[in-house]
Every structure is written in structure tokens, then in C-alpha cells.
């Protein structure tokens, strides 16, 4: 097969699929965000304006919740990435021939439903769950407390657990691309294990670390299922507000505006990270 035919066969169908089921809905949502309401049908665009964005700007609680959701997502991404790094390091440099088996074991929890794993944490953190039972049995508490469930701490713990295995994969790929000769050269030059890690392994694995961080951060900003199940009313995030406007309130234009603002903020974070990575590469 020549290159032209290979281009049409391998590139065009996925591009059309991506355009039809990702770009087109995104553009449609952006257009709907400028509508006052949905009268006249979804595909008619009369009387476009900035009413929904003005309503969003005049409601500080929306923006505060977006900032709070961003902070929660940053914390979850940071903790999940930091927790996944030792796992990836072990698989890359210490597991040896059993690395494939250990990687398979790391993926075992994802053979079950996402909802089942979240509900399992609801049982662990609940009033009659494992944590309360252990605290009561050890004499620390006299009766169960609801401190561990239906708040943003419970949401953060659950999301961190969910994302750690995924976060380990880009880091593992970055670590496996490091040439063993670099490690041997550092050893020959008298570098200690800690210095070899700080001067060789960590800098070369930073692209994978950054990829893991944003692979966790981007979906966590708009997360609504986990806050709904383990967060309750005190653990709601920005995604729950968007869901409410699309379902309960049936206000698609305002829900679309909220989504566009979240998308713009997420893209700003990604652009900033890309700029920092380019700066690091230029300095080195």
C-alpha cells in the first residue's frame, strides 16, 4: 500500500469519527451556550448573545465552586501521581521478569464496574464501615461518626484510589524509555542511588509525570458521579452543578456556558504546563 492510500485508510476514518462525535458536539454546545433558551429546537440558533455568561459572572457561587473543584482536582492529581510513581519505578527497575504479572495485578480492580468500586469506598467510609468499626473496636470511638463520608475529603480519597493505576502507566512508559547506559554512567561517575534518581531518572521521567498529572486532573475537574455517591450535598463539585442544569433544571444553555468556562480553564492549565515543559527542555 502506497503512502497516499495508507493516509486515506488509516487517518481519515478516525478523523471523521473524532469530528462527528467529539468536535461537532463540542461546537454545538458552545453555540447553545450563547442562546437564551431552547425554544425553537436544538438546531436553531436565534437571538444569540452573552446572557448565560452574564448570569454566570453575576453568580459568584459558580466561580467559587469552579475554583474549589480545581483545587480538589489539583490535590487528587498530585497525590495520585506521587503515589503512582513508586509503583511505576518498581515495575520498571525492580520487578524484573515478573513486571508483566505485577502490571496485570495492578489492572485487576478495573475488571469490575467503576460504580462498584466507588460504592465499596462508601461502605468503607460509612458509619458502619471498616474505619468506624476499627476505631470502635480499638476504643478510640464510642459510637460511629459520619466524619469520613459525605464530604469532599471522602471524594478526594475515592478519586485518588480510582486514578492511581491509570497514573502509573504514563510514568512507567517514561521510565522504560530511559537508557540503562545512563544509569551505568552515573554509577561509574560515583553518583549515589539518590543522586542518580534526582539527576537522571526524575528529570527524564518528568514528561510521563506531567502526562499522568493532567490525565488525572482534567477528568477530575468535571467529575460528578463520585461526588454524588460519596460526597453528598457537602461534597458537590462543579460537575454536579452542570449535571443539574442539564437534567433537573433542563437549562441547557446555562449548563453549556458552565461547561465552556470549565473547558477554557482546563485548557489554560494545560497550556501553562506545556509552556513550563518547553522552558525546562530549553534550559537543559
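The values are calculated or read from the model by the stated rules, or taken from the named source; none is laboratory data. On a predicted model such as this, the values are computed, not experimentally measured, just so you know. Neighbour counts are summed over all protein chains in view; Cβ atoms, including those assigned to glycine, are modelled from backbone coordinates with ideal geometry.
Here are the numbers:
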quantity: Residue 21 vs. criteria out of contact with any helix residue (DSSP H, G or I) (no Cβ under 9 Å at 6 or more places or on another chain), modelled with pLDDT of 90 or more and not in a loop (DSSP other than H, G, I, E, B); calculated: yes
quantity: Hits in the range 118-139 - residues which are more than 35 Å from the chain's Cα centre (by Cα) and part of a loop (DSSP other than H, G, I, E, B); calculated: 138, 139
quantity: First in the range 110-128 and exposed (fewer than 11 other Cβ atoms within 10 Å of the Cβ), second anywhere and at pLDDT below 85 and not in a helix (DSSP H, G or I), Cβ under 7 Å, 6 or more apart; calculated: 128/144
quantity: Checklist (1) under 23 Å from residue 260 (Cα atoms); (2) touching a residue at least 60 places away in the same chain (Cβ under 8 Å); (3) assigned to a helix (DSSP H, G or I) applied to residue 27, failing item; calculated: (2)
quantity: Residue in the range 175-182 that is part of a helix (DSSP H, G or I) and surrounded by 16 or more Cβ atoms within 10 Å (Cβ to Cβ) present; calculated: yes
quantity: Answer from 82, 73 - the residue that is within 15 Å of residue 160 (Cα to Cα), within 16 Å of the chain's Cα centre (by Cα), in a helix (DSSP H, G or I) and in contact (Cβ under 8 Å) with a residue 12 or more places away in the chain; calculated: 73
quantity: Checking residue 186 against (1) surrounded by 16 or more Cβ atoms within 10 Å (Cβ to Cβ); (2) under 30 Å from residue 231 (Cβ atoms); (3) over 24 Å from the mean Cα position of the chain (by Cα), the condition it does not meet; calculated: (2)
quantity: Hits in the range 213-262 - residues which are surrounded by 21 or more Cβ atoms within 10 Å (Cβ to Cβ) and either free of Cβ contacts under 8 Å to residues at least 12 places away in the same chain or not in a helix (DSSP H, G or I) (or both); calculated: 223, 237
quantity: Residue in the range 53-70 that is nearest to the chain's Cα centre (by Cα), counting only those that are farther than 19 Å from residue 266 by Cβ and surrounded by 12 or more Cβ atoms within 10 Å (Cβ to Cβ); calculated: 59
